[in-house]
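See below for the structure under consideration.
The values are calculated or read from the model by the stated rules, or taken from the named source; none is laboratory data. Please read all numbers here as calculations on a predicted model, not as lab measurements. All Cβ positions, glycine included, derive from the backbone under ideal geometry; neighbour counts span all protein chains shown.
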Amino acid sequence: MEYISYIVVAFISGLCVWLNAYSKQKGKSYANKEDFSDLKKQLSETTELVESVKSSLSEKSWINQQVWLKKQEAYEEIFLHLSHVKKFVNHQVLEYESYEYLHNYHPYVQMYSTHSEVFQKQWDKDVEEYERRKKSNEENKLYEKLEKNSNEAISQIFDLITVKSIYLDSRVGEVINKLKYSISSPHEDEDENDYYNRIDKAIESTMDNLFKISKEELSIKI
């Protein structure tokens with residue numbers, strides 16, 4: 001009987017040890033399961049955050065791309081209009097230089113004291129051609145056309161700057177205002193030579209300045 005009692009006690013003791021180990025293992029499994037659930041929840045929240053950031057960055061990138069395109073279109077239109085202003089200014093400068101050449105730099109004028117008949121005949125011919133061209137309908141129509149295109153171009157640039165002001169640098173308006181003032185008419189304190197030199201430099205300076213601004217605005221590195 002005592003032998004059986006020992007066996008029963010040993011069995012019960014072993015069972016208790018096993019139950020205790022089993023309980024601990026179950027506890028660990030339960031804890032691991034809880035940890036896994038927490039990790040899974042955190043991963044889900046992190047994924048949602050990452051996707052939200054990616055979506056926000058993608059939206060900003062798209063907006064920036066659209067703004068860049070608007071800027072590009074605006075600057076292309078401005079330079080197109082300025083080409084008409086440049087044509088008119090160049091025409092005026094060339095006409096003035098032609099006049100100056102005939103009256104101050106022609107070989108006949110430079111060599112007037114020699115009374116060269118060859119130079120005089122050439123000068124007479126050149127003056128006649130100049131006067132004929134100045135009086136021709138073609139020349140007058142060309143001048144009127146270039147002047148009209150230039151005035152309309154300046155007006156269209158200002159309209160464009162107003163409409164696209166949200167996209168364009170404020171310096172653009174300042175540059176165009178300065179050009180408009182420069183090519184309008186001679187200043188009181190300058191002669192024709194000063195005037196034509198000034199408007200020639202004004203259009204070149206305007207296009208150079210706008211070129212630099214547009215490169216900066218469009219992030220063009222060339």
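Annotations for the structure displayed:
- The set of residues from the stretch 118-141 being surrounded by 15 or more Cβ atoms within 10 Å (Cβ to Cβ) and either under 30 Å from M207 (Cα atoms) or of a type in the set (F, W, Y) (or both) comprises F119, W123, Y130.
- Of the residues making up the stretch 145-169, just one is surrounded by 16 or more Cβ atoms within 10 Å (Cβ to Cβ), aliphatic (A, V, I, L, M) and in a loop (DSSP other than H, G, I, E, B), namely L168.
- Checklist (1) outside any helix (DSSP H, G or I); (2) within 15 Å of F79 (Cα to Cα) applied to V175, failing item: (1)
- Tally of residues being under 20 Å from Y101 (Cα atoms) and either of a type in the set (S, T, Y) or surrounded by 14 or more Cβ atoms within 10 Å (Cβ to Cβ) (or both) across the stretch 180-196: 2
- Residue-level check: of (1) exposed (fewer than 15 other Cβ atoms within 10 Å of the Cβ); (2) in contact (Cβ under 8 Å) with a residue 12 or more places away in the chain; (3) under 30 Å from I161 (Cβ atoms); (4) not basic (K, R), V89 misses just (1).
- Pick from the stretch 108-117, criterion touching a helix residue (DSSP H, G or I) at 6+ places or on another chain (Cβ under 8 Å) and surrounded by fewer than 15 Cβ atoms within 10 Å (Cβ to Cβ), ranking: farthest from S185 (Cα to Cα): S116
- Pairs where the first residue, in the stretch 175-194, is touching a residue at least 60 places away in the same chain (Cβ under 8 Å) and the second is of a type in the set (D, E, K, R), C-beta under 8 Å, 6+ apart: N193/E100
- Qualifying positions in the stretch 121-137 - in a helix (DSSP H, G or I), over 11 Å from L102 (Cα atoms) and at pLDDT below 85: R133, K134, K135, N137
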